[in-house]
1. Within the stretch 260-299, list the residues whose amide N lies under 20 Å from a label point set 7 Å along Cα→Cβ of Lys401.
2. Tell me the angle of helix 182-195 to the major Cα principal axis of the chain, expressed in degrees between 0 and 90 and rounded to the nearest ten.
3. Using only Cα atoms and rounding to the nearest 10 degrees, what angle (0 to 90) does helix 208-218 make with the longest principal axis of the chain?
4. Quick one: how many lysine pairs in the stretch 200-240 have C-alpha atoms under 24 angstrom apart, if they're 8 or more apart or on different chains?
5. So how do Ser329, Ser90 line up by other beta-carbon neighbours within 10 Å, fewest first?
6. Classify the stretch 242-423 as rounded, prolate or oblate, taking a ≥ b ≥ c as the square roots of the eigenvalues of its Cα gyration tensor: rounded when a/c is under 1.5, otherwise prolate if a/b is larger than b/c and oblate if not.
7. Of the listed values (i) 38, 32, 19; (ii) 51, 25, 19; (iii) 41, 28, 19, grab the one calculated as semi-axes √(5λ) of the Cα gyration tensor in Å from the structure here.
8. Apply the a/c threshold of 1.5 to the C-alpha gyration tensor of the stretch 313-364 and tell me whether it is rounded, prolate or oblate.
Amino acid sequence: MNYEKIEYPNYNLHLIQTKKFKTIHLLVVLKRKLKKEEITIRNVLSDILLETGKNYKTTRDLQIAKEENYACSLSSSSFKSGTYAVLSFSLSFLNERYTEKGMNDKSISLLFDLLKNPNIVKDEFEKKTFNYTMNSYKDYLESLNENPNRIAGVRLDEEMGKNTPLEYHASGYMEDFKKITAKNLYEYYQDVLKNDIIDIFVLGDYDKETMKEKIKEENIREEKNQKSESHFVKLPISKKTKKIVEEHEFMQSQLAMGYKIDKMTDFEKKYVFHALNFIFGGGNDSKLFKEVREKNSLCYSIHSHISYLYQTLIVNAGISKDNYEKTVSLVNQELTKICEGKFDLEDLNEMKIIYVNTCKTIYDSPNDLIRNYMSHEYFNHDLVEVRIKKILEVTKEDVIKLAKKLKLDTIYFLKGVRNEETDN
C-alpha cells in the first residue's frame, strides 16, 4: 500500500496505490463549514447530480453509459461531519488491465462530466428530474416522523448540542425543503463547486503520473482551494442533568441517555473510548444487554454508541413506559460498576479481538480503505496497522479512568401513549 497526498491550488489529490483489487475506486469530496439552512439543499443536490446530466438527459441514457463502462458504479451521499457539511460522489470501475485500453479515462470522465455538467435548462435544473428528486426526498423526510428511535435521537442531540452543530438534523428540514426551487438549487450548485474544499481520493492499481494528469485534465474548477479546519465540536459541560419527557402516539417508548466527556487524551478518544463503549453497551455481551435486557427484562432493545467528533456516549433503549425509572437507575448502576472496576478482563480482551479483526477486514473493502484514509486526513485517525497496535495497549485501568469522566448530560424519554387495547 502506497499513499501520497498532493495539494494542488484548486483541490487536494490523495493517491492510494494497491494491487489487491481488480477495480479502481474514486471518491470526490466537497465540504464547507456547516450551516443549518444549507443542510436540506445539500441533500437534494447530492441526490440530483447523479440522476441525469447535460450529456445524459434521462436515467436510461446514464444507465447505458454505465453499462458501456463495464457496469461501473456511481453513488453519492450528503452528511454532517462535526463542524463540516460533506458531499461525496464515488465511482467504482473495472481496471482497464482486465477490459480494454482507455476505459480508465472513460470511466473517470463519466463521473466528472456529471459533476461539472448537470442537466440545466434556462439556468435551472431540468424540471422532470428536479420534480422526481424533490418528491423522493419529501417522502423520505415525512417517513422520519414514523420512527420513534430516530425522533428520540434527534431530540437528544437538540438538547445536548444547543447552539452547536450537534443540534442540526442531518436529514434536513421540511421548512427549508419548501424553499428549494430548480433555479436556486442550480445557484447553490454553482456556489458549491466554486467555494467548497475539494478532496479527491483514488484507490487501485494504476500509474501515479498518468492518474495525476487525468485528474488535472478534468479541471473540476479554477478557483483556489481553501484550507481545512478542525471537524471536532467542543460541547459545553453542564453541572446538572437535564430530564425531558415528551408524549407521542406510539405503543413503544424510547429512552435516550446522553453522556459527555471532557478533557479526553488523544489515546482515550481513539482507543479507550471504543473499549469503554463495547463493555458498557456496544456489544451483545455488554453490561447493559446482560443486566438490563436479559436479567431484568426491562427493555426490548438496548445499546450504546459513541461519537468521536462530539465526544459523547449515547444509550438508546426501547422500553415500556412503566419501566422508565427502573431502566435509568439500572443503566447508571452498570456505569458505576465499570467505574469501580467491576468487569472482567475477558470483556476487554474480547473487545480487542473484535476490534483487530474489524481493522483487518478494512483491507478487503476498497470503500472502507478510502474512508480510512479520509478519516486519517480529516480526523487524524491512525491508519490500520497503527490502530491494531494501539488498541492492544488499552488496559483495564484506562477504561476505569475514562468511565469516571462520563457526565450524564441529558435524559430524553419519548413516552408512548398508545396501547394495544385501544389500537384494536
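1. 260-280
2. Rounded to the nearest ten degrees, it is 90.
3. Computed tilt is about 80 degrees.
4. Details: Lys208/Lys216; Lys208/Lys224; Lys212/Lys224; Lys212/Lys227; Lys214/Lys224; Lys214/Lys227; Lys216/Lys224; Lys216/Lys227.
Step by step, the pairs that qualify in the stretch 200-240 add up to 8.
5. Lowest count first: Ser329, Ser90.
6. Prolate.
7. Computed from the coordinates, semi-axes √(5λ) of the Cα gyration tensor in Å corresponds to (iii).
8. On the way: a/c = 4.12, a/b = 1.74, b/c = 2.37.
Taking the square roots of the gyration eigenvalues as a ≥ b ≥ c, the stretch 313-364 is oblate.
Any read-out appearing in this document is the output of simple, stated calculations on the displayed coordinates, not a laboratory observation. Here the structure is a predicted model, which is why all the values come from computation and not from measurement. Cβ sites come from the backbone with ideal geometry, for glycine too, and all protein chains shown count toward neighbours.
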